[in-house]
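Every read-out reported here was derived from the displayed coordinates using simple, explicitly stated rules and does not represent laboratory data. A quick note: this is a predicted structure, and the numbers were derived from the prediction, not measured. Cβ placement follows ideal geometry from the backbone for every residue including glycine, while neighbour counts extend to all protein chains displayed.
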Amino acid sequence: MFPEDVNKGIKLLRFIKDSSIMSHEALHHMNISAMIRLEK
């Protein structure tokens, strides 16, 4: 792994951590949408 990739990964992890609450809500919404689609 190159240092640049590590830095990108750390930034990405930080971004994911910062928006984890929002993404959790989005995933929850997507899961509900997927379940509704599967039930039909």
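Suppose R0 equals 35 Å; then what is the FRET efficiency for M35 and D5 from their Cβ-Cβ distance, rounded to the nearest 0.05?
Numbers: r = 36 Å, r/R0 = 1.03.
Rounded to the nearest 0.05, the efficiency is 0.45.
When the helices in the chain are scored as -39500 (n - 2.57) per DSSP H run of 4 or longer and the sum is shared across all residues, what 222 nm value do you end up with, to the nearest 500 deg cm²/dmol? Spell out each step's value before the answer.
Numbers: 2 runs with 36 residues, N = 40.
About -30500 deg cm²/dmol.
Evaluate Rg over Rh across the chain, taking Cα atoms for both radii and Kirkwood's formula for Rh.
On the way: Rg = 15.5 Å, Rh = 12.0 Å.
A ratio of 1.29.
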